[in-house]
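The values are calculated or read from the model by the stated rules, or taken from the named source; none is laboratory data. Predicted, not measured: the structure shown is a model, and the values here were computed from it. Here the Cβ positions follow ideal geometry from the backbone for every residue, glycine too, while neighbour counts run over all protein chains shown. Note: areas computed on protein heavy atoms with side chains; ligands, DNA, RNA excluded. Shrake-Rupley method; radii C 1.70, N 1.55, O 1.52, S 1.80 Å.
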Amino acid sequence: MWLAGILGLAVGSFLNVLIDRLPKGQSVVWGRSRCDFCKKTLRWYELIPIVSFVMQKGRCRRCRKKISWQYPIVEVVTAVGFVLLLQGQAFDAHQGLALGGAWLIFSSLLVMFVADLKYQIIPDSMIIVGIIGVLGVIGILWENILTGAGAAAFFLLLYFITRGRGMGLGDVKLAFLLGLLLGYPGIIVGLYAAFLTGAGAGVILMIGKYKTWKSRVAFGPFLIIGAVITLVWKTQILAWWGNFL
């Protein structure tokens, strides 16, 4: 169990690289990590997950600027996610997601969640990684492929209706991935949860005057939240819906 946590911390550190470089079109293979402020190259002992952040008290060793909490949070979330998936608690057993595939899907969704939240960009490469992960663990299920195509078509329609202001093409691609992962009727539960949480967050942001009616809010994170809710509580939600039908 603890090995999964340590692996998760290491993977989480790499996911931070993907989050910050992919939206900018930068290489994730070449080029060493640098401070966001002074641009000094970071040494190996400044890149130890969690430990470096704590030892440096959340600041760069050279310029003393505060390091974003994104880095330790992503590392911890990845570690916790890896452990939960190892325990088989984050996905329904009947979906038959293999551990490696589940970790791959989890990692790709986490990168897209933070990248869209931070830059309002969903990296295409992470969509591809997610699709490979899904196909690798559940195989080619035509029902899920059709579900993904239907979800993508729905979001493409929203994209044209709103002229790209309400939904982006990244959301269209993400919808296909989530349809492939959740299948039917899981995608219905996921989209319902996504729109519900997205609307709630939008109202809160406007009340707090952080956003206005004309502001654009990244919807990708809410799609991913909806997918997670579905993967964990789909059976209970469908049973609850059944009581009202």
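A few points about this structure:
- Vicinal HN-Hα couplings computed from phi for the stretch 116-123 (Karplus, 6.51 cos²θ - 1.76 cosθ + 1.60; Hz; Gly/Pro x): 5, 5, 8, 10, 6, 9, 9, x
- Size of charge dipole - the stretch 1-80 - debye, nearest 20, with Cβ of Lys, Arg +1 and Asp, Glu -1, no other charges: 600
- Carbon + sulfur, % of accessible area of the stretch 136-245 - ligands and nucleic acids excluded, 1.4 Å: 72
- Accessible area (Å², 1.4 Å probe, nearest 10) - V228: 70
- Modelled label positions at K40 and L135, each set 7 Å beyond Cα in the direction of Cβ, lie 4.6 nm from each other.
- Taking only alpha carbon atoms, the stretch 148-196 gives an Rg to Rh ratio of 0.97, where Rh is the Kirkwood radius.
- Of [x] 140; [y] 112; [z] 152, the label for volume of the Cα convex hull per residue in Å³ derived from the coordinates: [z]
- Cα gyration tensor shape for the stretch 123-245, rounded if a/c is under 1.5, else prolate or oblate: oblate
- Accessible solvent surface per residue of the chain, calculated while the other protein chains remain in place, 1.4 angstrom probe, Å²: 57
- Acute angle (nearest 10 degrees) that the helix 169-207 long axis makes with the longest principal axis of the chain, alpha-carbon atoms: 70
- For the pair L169 and A10, the difference between a 0.36 nm per residue extended length and the Cα-Cα distance amounts to 54.1 nm.
- Taking each residue as 0.36 nm, the span from C63 to M206 lengthens on full extension beyond its C-alpha to C-alpha distance by 47.9 nm.
- For the chain, the longest site-free run once chymotrypsin sites (Phe, Trp or Tyr not before Pro) in DSSP loop states with at most 11 other Cβ atoms within 10 Å are removed: 70-209
- For the stretch 115-193, the fraction of C-alpha pairs farther apart than 16 angstrom is 51 percent.
- Heavy atoms of L191: accessible area, 1.4 Å probe, square angstrom to 10: 30
- Length-normalised contact order of the chain in % [C-alpha pairs under 8 Å, at least 6 apart]: 18
- Atom-type composition of the exposed protein surface of the stretch 1-134 places 67 percent of the accessible area on carbon and sulfur (1.4 angstrom probe).
- For I207, I188, I19, I67, the ranking by accessible surface with the largest value first comes to I207, I188, I67, I19, using a 1.4 Å probe.
- A simple rule links phi to the HN-Hα coupling: the Karplus curve 6.51 cos²θ - 1.76 cosθ + 1.60 with θ = phi - 60°, which for the stretch 65-81 gives 6, 5, 7, 4, 5, 3, 5, x, 5, 4, 5, 5, 4, 5, 4, 5, x Hz, with x for Gly and Pro.
- Amide proton proximity set for R59, modelled H, under 5 Å, gap of 5+: I67
- Computed with a 1.4 Å probe on the full set of protein chains, the accessible area for K65 sits at about 110 Å².
- A DSSP coil position with no more than 11 other Cβ atoms inside 10 Å describes the following trypsin sites (Lys or Arg not before Pro) in the stretch 99-165: R163, R165.
- Within the chain, helix-based [θ] at 222 nm, where runs of 4 or more DSSP H residues each add -39,500 (n - 2.57), nearest 500: -22500 deg cm²/dmol
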